[in-house]
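Here is the structure we will look at.
Every read-out reported here was derived from the displayed coordinates using simple, explicitly stated rules and does not represent laboratory data. Only a predicted model underlies this, so the values are computations on that prediction, with no experimental measurement involved. With ideal geometry, Cβ positions are generated from the backbone for all residues, glycine too; neighbour counts draw on all protein chains shown.
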Amino acid sequence: MFLAPENLWSPVRWAENGGVRLAFDALAEGADGEPLLLATGLGVNRLWIPDGLCRMLAARGFAVARYDQRDSGESTHLPPAPSRTPISALFAKRETAYTAEDMADDAVAVMNALGWRSAHLLGVSLGGAVAQRVALRHPGRVRTLTSMAAVPGDISGLRTMRYIRMRTLAKFARLRFPDTPDGAVEAGIAVSRLLASPHRTFDERAAREAAERNVDRGMHDQQAQSRQIGAQWHGPPISAITRPTLILHGADDPLIKPSAGRAIAARIPDSRLVLLPRVGHEFPACAWDCVTTEVRGLATAGPDLLLPPG
């Protein structure tokens, strides 16, 4: 069935966690499939996950929903925190805006609003760390966990630096664009270029078209990004994760070193790492078949745990 882009996703809906409202929507295709919640990365809105990838997941038997993290997209943006850039947030001893536990609870709030007692989780970048924390904090709500292009979810602050390519992060910090729609488009192109694999030719035209379809000012909202990256985790280590787990990581990731994926896989019992060749910190079309095949395989092999909301 062919659906026009404007009909591909449901109207935006809202979940609430305390005083935070979380924007989410659901894919029209595959609505009768197994629940799969997508969690996005640092600062970006839910539209950055490609529609083509979501449709392929639906074709493999998933009911796909996606949401904006707090401090991104249409979700609630919090008051300014002491750190003004993601780099300064890494060095800060404490951020007071909110905790990593709050962000994990946001995902569960979205699941509640969807009426899902449990779901498969696929988190990318910051969303991968959030998904790991959901599996620790709410294991009964997680059928399987897929963490992509993420750092271990139980580290923060200076310990994160061993896994981040600081030169790339510094380039992000130096990006300056007007806080206008045109500025957001140019920021989107610049960030897409920074995150792409150096082993594929960068398609600037496609990047511009994508940025024009999704004018996301969160790409250069360093205050919001600093609050997200500064959220501290106070829970158990990721070695306590008991849900079936897959770790995906781009072999050419210019932002998060593949060693982060290896560290996660080494610490989560019975997890599996898949390195994606010619993939950076991104979701290129050349990787969609591999990603969806791996997520489907994990869901098929992993036992479901269907418990009422806890």
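Seen through its C-alpha gyration tensor, with square-root eigenvalues sorted a ≥ b ≥ c, the chain comes out rounded because a/c lies under 1.5. Electrostatic tally near residue 252: other residues with Cβ closer than 10 Å to its Cβ, Lys and Arg +1, Asp and Glu -1, net 0. When you restrict to C-alpha pairs under 8 Å that are six or more residues apart and normalise by the size of the stretch 169-310, the relative contact order lands at 24 percent.
Could you sort 120-128, 68-76, 199-207, 100-108 so that the peptide with the highest average Cβ count within 10 Å comes first and the rest follow in order? Let's see the in-between values first.
On the way: 120-128: 27.9, 68-76: 23.9, 199-207: 12.6, 100-108: 22.1.
The packing order, highest mean first, is 120-128, 68-76, 100-108, 199-207.
Listed from fewest to most Cβ neighbours within 10 Å, the set 233, 116 follows the order 116, 233. Each peptide in 266-275, 176-185 gets a packing score, the mean of other Cβ atoms within 10 Å over its residues, and the list from highest to lowest is 266-275, 176-185.
What do you get for trypsin sites (Lys or Arg not before Pro) in the stretch 90-164 restricted to DSSP loop and a cutoff of at most 11 other Cβ within 10 Å of the site's Cβ?
Values: sites: 93, 94, 117, 133, 137, 141, 143, 159, 162; in loops: 93, 94, 117.
Loop-located and lightly packed - 93, 94.
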